Every structure is written in C-alpha cells, then in structure tokens.
Amino acid sequence: MHIKNDDTLLLVGDSITDAGRDRTDPASLGTGYVHEIAQTLRDRADGGPGPRVINKGINGNRVYDLETRWTTDVIDHRPTVVTVKIGINDTWRRYDRGVLSPVDVFEACLDRLLADTARELSARLVVITPFLLPAGPDQESWFEDLTPRTDAVLRAAGNNGAQVVRADLVVTRAAQDRERAELAPDGIHPSRLGHRLIADAWLAAVGSAAPDPRS
C-alpha cells in the first residue's frame, strides 16, 4: 500500500489515538502517533501539504463506543484509508470496573465495522493491535483477557483484508532494550518514544507518501 498526497487518512480509536487532541478543532491531531505519522508524511510530500489526516480517537472508548459514532466520525468523512486501534479498554474495564467485553462479541463488532467501511467506502483498512507493557504485577494477569482479544483483532483484520500493524510486537521488542517505563509509564499509554515507535511501524507497514502526479 502506498499513501498518495490526495488520500484522506482517518485514524480512530481510544486514548492512545486521541493523545490529547483538541476536539473543538477538527485539524487537531494530538501529540501521539497520529501527529507523528502526519508530520512524516508532510515531510515526504515534496513541499506540498501531504495527505489529509483526521484524528477521531476518544479517551476511554471500547469497540462498542466506536460503533455508536462510526457513521458520523468515520463514514461521513469519506476517508480513503481508515486505521482502527481498539481493544485495551475492553480488557482494562474488566479489571478496574468489572465490565466485561466478551471476546466473541468484541470480535463480531469490530468485524462489522471493518466490513461496513469496506462496503460503504471501498477504503483501504489498517488495524493496529492493542498492547500492554505491565507496569506492575496487577497488570500481568490482564493477558488472560488481552491475548485472545488480540487474536480476535487479527482475525477481524484478516477477514476484511486489513493491513495489520503489530504494535504489541513492536513495543515488546523495544522493551528488551529499554525500561518499560520509557515506552509506556503506566503500561498502557505510550510515552513520546512509544508513540514514535508505533508511528514508524505504521509507516513501514502501510507505506510512504508517493508524489502526486497532478502536483
């Protein structure tokens, strides 16, 4: 997949995508991996603005929250490339609030969103896997829920021809050479370095901006 300068890239998900964006400003991209991707693509655009980038991450979202806002926050923008990063809150809510998100129901919901998007937009799809770098022993047990959920994300992506960015593998490999806190201080939310690694993984998997033949 190559990103063209006339593409519209929409990235949707939870707080990791949100990354502090100003929701009153449609152009705000936050300070995380979405911003890093956009900046890199602009730098590669041969002096042009590069592709349009839209951040539709919202703190605390689970997959069901995405479904309730999918039409207005995704479909209505008519993006040509849609990236989804979701799943960690579906696990987290089980452990901090006792709110369950059964993996099969989660998978079916994500599968619907991807299938509907492909049908409505003929958009190229990208899925970023959820990840966890346990910041303490209490988070180690989360993998009981997160590992099968990550497998569900991979199946939904495969069923819909989505490109996969394995953020879980990227941060785990990076943690072999660095302290976990350097990458995600609370085990969940990336540091600036963590966001950069996710952005680099997206760029490597999805492709770089190609020059616009009309420019």
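The values are calculated or read from the model by the stated rules, or taken from the named source; none is laboratory data. These numbers were taken from a predicted model, which means no experiment stands behind them. Positions of Cβ are backbone-derived with ideal geometry, glycine not excepted, and every protein chain shown enters the neighbour counts. Calculation scope for accessible area: heavy atoms of the full protein, side chains included, ligands and nucleic acids excluded. Shrake-Rupley method; radii C 1.70, N 1.55, O 1.52, S 1.80 Å.
Once you have the Kirkwood Rh of the range 1-91 from its Cα pairs, apply Stokes-Einstein at 25 °C and 0.890 mPa s and quote D in µm²/s.
The estimated diffusion coefficient comes to 184 µm²/s.
For a Förster distance of 45 Å, can you work out the FRET efficiency between the beta-carbons of residue 100 and residue 192, rounded to the nearest 0.05? Don't skip to the answer; put the middle values down first.
Numbers: r = 33 Å, r/R0 = 0.74.
It comes out at approximately 0.85.
Ranked from highest to lowest mean number of other Cβ atoms within 10 Å per residue, what is the order of the peptides 128-136, 30-38, 97-105?
In descending order of packing, they fall as 30-38, 128-136, 97-105.
Taking Cα atoms, how many degrees apart are the long axis of helix 63-73 and the longest axis of the chain, rounded to 10 and kept between 0 and 90?
20 degrees
Report, by chain and number, residues whose modeled amide H sits under 5 Å from the one on residue 184, excluding near sequence neighbours (fewer than 5 apart, same chain).
191
Carbon and sulfur atoms: what percent of the 1.4 Å accessible area of the chain do they account for?
Working: 4690 of 9550 Å².
So the carbon and sulfur contribution to the accessible surface is 49 percent.
Would you pull out the residues with amide H under 5 Å of residue 128's amide H, same chain only if 5 or more places away, H placed 1.01 Å from N?
For residue 128, whose amide H was placed from the backbone, the distant partners under 5 Å are 84, 85, 86, 165.
From the mean inverse distance of alpha carbon pairs (Kirkwood) and the Cα radius of gyration, derive Rg over Rh for the range 48-144. Before the final figure, lay out each step's value.
Details: Rg = 15.2 Å, Rh = 14.9 Å.
Across the range 48-144, the Cα-based Rg/Rh ratio is 1.02.
May I ask you to derive the FRET efficiency for residue 43 and residue 182 from their Cβ-Cβ distance with R0 = 30 Å, giving the value to the nearest 0.05? Let's see the in-between values first.
Numbers: r = 25 Å, r/R0 = 0.83.
For R0 = 30 Å, the calculated efficiency reads 0.75.
Per residue of the range 136-143, in order, report the coupling 6.51 cos²θ - 1.76 cosθ + 1.60 (Karplus, θ = phi - 60°) as ³J(HN,Hα) in whole Hz, putting x for Gly and Pro.
x, x, 5, 7, 4, 6, 5, 5
Starting from the Cα of residue 135, step 7 Å along the direction of its Cβ; do the same at residue 118; then give the gap between the two resulting points in nm.
Placing both labels 7 Å along Cα→Cβ, they lie 3.7 nm apart.
In whole Hz and in residue order, list the ³J(HN,Hα) couplings for the range 50-55 that follow from phi through the Karplus curve 6.51 cos²θ - 1.76 cosθ + 1.60, θ = phi - 60°; x for Gly and Pro.
x, x, 6, 10, 10, 9
For the chain, compute Rh as the Kirkwood radius over C-alpha pairs and then the Stokes-Einstein diffusion coefficient at 20 °C and 1.002 mPa s; write the answer in µm²/s, rounded to an integer.
The calculation lands on 124 µm²/s.
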